[in-house]
Each structure stands twice: as C-alpha cells, then as structure tokens.
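The values are calculated or read from the model by the stated rules, or taken from the named source; none is laboratory data. Treat the numbers as computed from the prediction; the structure is a model and nothing was measured. Cβ sites come from the backbone with ideal geometry, for glycine too, and all protein chains shown count toward neighbours. SASA here: full protein model, heavy atoms, side chains in, ligands and nucleic acids out. Shrake-Rupley method; radii C 1.70, N 1.55, O 1.52, S 1.80 Å.
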Amino acid sequence: MRILTFGQTGQLAKALKRTQPGYFELIQLTHQQVNITQPQLIDEALAHYRPNIIINCAAYTDVERAESNATQVMQTNVDAVRFMAKAARQYGIRFIQLSTDYVFDGLSSLPYTVDQKPCAINVYGQSKLLAENIILQQQSNQFCIVRTSWLYHNSGKNFVTTMLKLMSQDHNNAMLMQGLIPNINVVNDQTGSPTMVDGLAHFLWKLCLQKQWSAIYHWSDAGMCTWYEFAQEIQSQAVALGLIPTKVTLTPVTSEQYNSPVKRPTFSVLDTSHSHLILKPKPWQQQLAQCLYVRAINKD
Ligand SMILES: NC(=O)c1ccc[n+]([C@@H]2O[C@H](COP(=O)([O-])OP(=O)(O)OC[C@H]3O[C@@H](n4cnc5c(N)ncnc54)[C@H](OP(=O)(O)O)[C@@H]3O)[C@@H](O)[C@H]2O)c1
C-alpha cells in the first residue's frame, strides 16, 4: 500500500518515517517539492505517485504567529486541504487530515468526545476547524480527521526540547552571569494531554489498514496534566537520566501572567475511547520516559 505525506520535515512526517512498517511504501514530499498552497503541484504529485492514502502532515502550526498571519494560515491550513480533498476524490485516493485539540474552546471540564461541537478561539484553531468542515462535507468513509494534542519528540522544536534547553547547564550559567536566579515560569491553568509523536504515527499506520473510517478520531497519550505538571515530569525524568545536571526552579503561572498574544483553551483533553479498538494509548508519563531514554542513550 502506497502512502503519501505532504510536509516531510515536520514532527509527524519524521515519526511516520521512523515507525514505517515494511509492508507500506512511504512517499514523503518536502515543502520545496510541493508547496501545498499551489493546487497544480498537488494535482501533479497525486497524478504522478497515485498513492492509496494521503496523510496530510503539512500545516501552518505556529499558534502565536498565526494570529498576525491569518491569510497565510488560511491558505496553508484551509485552501490547501480543499485542493487535496478535490484531487483525492478525483483520483480515488483515501485522505487522512490531521487536526487539533485547539478546535475546542476549552470551557468543558470533561474530555471532548468526537461528537462534541467544536468552537475554536484562535486563528490556528479556526483554520483547522474550517479544514475539518471540508473533510466532513465529503461525506465519505474514505476521508477522515485525526485530532491530536500537545505533540512532542526528543528533537526538533516542541515543549519538551524547549524545556530541556531552558533546564540545561549552559542556559542556567548564562542566567547566573546576568545576575539572574535560574527559574522557568510555566503556565498552570491550561490542561491537556501530551502526545509523543511516534505513538500518533503508530496509530496512523493502524488506521491505514482499516477498510472504512469514521469521520473523526481522537488520539493522544493517556492521562492529562497542565503545562507546569508536564514540565515537572520532564525535569524529574531528565535529572534521573542524566540529561540535565540538577533541578531548576519551576514557577507555576497563570495564562494571564504569562502574557501570551494568543488565547488558548484552558481544558483541551480529547476523549480517545473511540480510537481504542484500533490502538490503546499508553500513559503520557510512560511515553515521555521512552522518548527521553532514547535521547539519553544517543547523547553518550
Ligand atoms: N505540534 C502540535 O502540538 C500539534 C498539536 C495538534 C495537532 N497538530 C497537527 O498535527 C499535524 C502535524 O504537526 P507537526 O507538529 O508535525 O507540524 P510541524 O512539525 O510544524 O511540521 C509542519 C510541516 O508542514 C510543512 N509546511 C508548512 N507549510 C507548507 C506548505 N505551504 N507546503 C508544504 N509544506 C508546508 C513544514 O515545512 P517547512 O518546515 O519546510 O515549512 C513542515 O514540514 C498538523 O496538522 C498540526 O496542525 C499538531
């Protein structure tokens, strides 16, 4: 079975490559090869490769910058998905669109189910929601949406690698040189579920083997935490593995104190029970441990 992804350099695309089962053929196109905002390039790629399934890993994912770049966000996250859906229909290709917990407003206190009505509160979330609607309008069991949350891996740019950098000896020394006491402020009033990206990739490979799809799937690691609690766990595990020398003070702050230019949902946990027939997620702490362990053994 031939799978094609757009966006080769992203976290998810790389995870699909790392976890690729031998019985799938994987074709990954870079941003340079196919800029997805150009419909003709999408069409040419699909006509040439004729994959069985597209997994769209390409997106404008910078949630903060999205607020001031709405046009580019809509072109990448909405218009491109419309072109892909149209071409996929034309060539009889199945299509998996990645989406986000940020399609929800965060006012719930219970995990969001696949049936709940979304309501996005920032530009990024709104763009992903518009893309979801394009997929749902196809009314086909050969098109589906996979929502996920708080993606990370042990390399690249994500919350885990940012925390490890801020907790590093070099960073702390630099702070001390400036006469500052090492400290990291972390938001403690937003709750979600961290998702190690390789787990999502495993879920997607299993999904590719399903003959028919539901309209929407939710995938995250099991359990929930705030960003502050996530940072605490990263720190404890990283010290135990020798990835960082000592603990740095972590200070819990509110979103208001953190003063981010973008509104984020205060609660965006996804109810993944609908996906358990395909694969059961592992606890997020266990996935983090696996991810940091690999970083630690590669460090030496
Ligand atoms: N990261 C998260 O926490 C998170 C959470 C929930 C859902 N998601 C969703 O999960 C999916 C994968 O996310 P990710 O974290 O793997 O994203 P990522 O690491 O930011 O990667 C995005 C990829 O899209 C490519 N891209 C951007 N604009 C493009 C364009 N016009 N044409 C072609 N390629 C383009 C980027 O290429 P360049 O780098 O070359 O521009 C990059 O390879 C996305 O749909 C995202 O919305 C992510």
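Details
- Backbone HN-Hα couplings from phi across region 64-75 [Karplus 6.51/-1.76/1.60, Hz, Gly and Pro as x]: 6, 5, 4, 4, 10, 10, 4, 4, 5, 4, 5, 4
- Interchain or long-range residues, amide H under 5 Å from Ile244's placed H: Val239
- Between 0 and 90 degrees, the angle of helix 123-137 with respect to the longest Cα principal axis of the chain falls at about 30 degrees.
- q = 0.13 Å⁻¹: log10 I(q)/I(0) that the Debye formula gives for the chain, counting C-alpha atoms only: -0.93
- Remark: relative contact order (region 3-121) = 26 percent; criterion is Cα-Cα distance under 8 angstrom and separation of 6 or more residues.
- Straight-line cross-link partners of Lys165 among the lysines, defined as a Cα under 20 Å from its Cα and at least 8 positions apart when in the same chain: Lys157, Lys247, Lys299.
- Computed over region 167-253, the alpha-carbon pair-distance distribution with 5 angstrom bins reads 3, 12, 16, 16, 15, 12, 9, 7, 5, 3, 2, 1, 0, each value a whole percent.
- Projected label distance in nm at His274 and Gln72, using a 7 Å step from Cα toward the beta-carbon: 3.3
- In a fully extended conformation the segment linking Thr30 and Tyr49 would gain 5.4 nm over its present Cα-Cα distance, using 0.36 nm per residue.
- Relative contact order %, the chain, counting alpha carbon pairs below 8 Å whose residues are six or more apart: 20
- For region 180-187, the Karplus equation 6.51 cos²θ - 1.76 cosθ + 1.60, evaluated at θ = phi - 60°, returns couplings of 9, 8, x, 7, 10, 7, 10, 5 Hz by residue, with Gly and Pro reported as x.
- Across Lys128/Lys206; Lys17/Lys117; Lys14/Lys280; Lys17/Lys86; Lys211/Lys263, pairs whose alpha-carbon gap is larger than 31 Å: Lys17/Lys117; Lys211/Lys263
- Residues of region 228-275: accessible area per residue with a 1.4 Å probe, Å²: 51
- Förster radius 30 Å - calculated FRET efficiency between Ala296 and Asn173 (Cβ-Cβ, nearest 0.05): 0.90
- Summing Lys and Arg as +1 and Asp and Glu as -1 over all other residues whose Cβ lies under 11 Å from the Cβ of Tyr112 gives a net charge of -2.
- Rounded tilt (10° steps) of 39-49 against the dominant C-alpha axis of the chain: 80
- Shape box of region 6-115 [Cα atoms, principal axes, largest first, Å]: 45, 33, 26
- Relative contact order %, region 158-273, counting alpha carbon pairs below 8 Å whose residues are six or more apart: 42
- A 1.4 Å probe run over region 82-196, with the rest of the protein chains in place, finds 45 Å² accessible per residue.
- Peptide packing for 56-66, 115-125, 97-107 was compared via the average number of neighbouring C-beta atoms within 10 Å per residue; ordered from the highest value, the list is 97-107, 56-66, 115-125.
- Using every pair of separate Cα atoms, the Kirkwood estimate puts the hydrodynamic radius of region 59-180 at 16.7 angstrom.
- Under a 5 Å amide H cut-off, with hydrogens placed 1.01 Å from N, Ser99 pairs with Val146, Arg147, Thr148 among residues at least 5 apart or on other chains.
- Column: log10 I(q)/I(0), Debye, Cα scatterers of region 54-128, q = 0.25 Å⁻¹: -1.12
- 18 Å tail of the calculated P(r), region 193-300, as % of Cα pairs: 60
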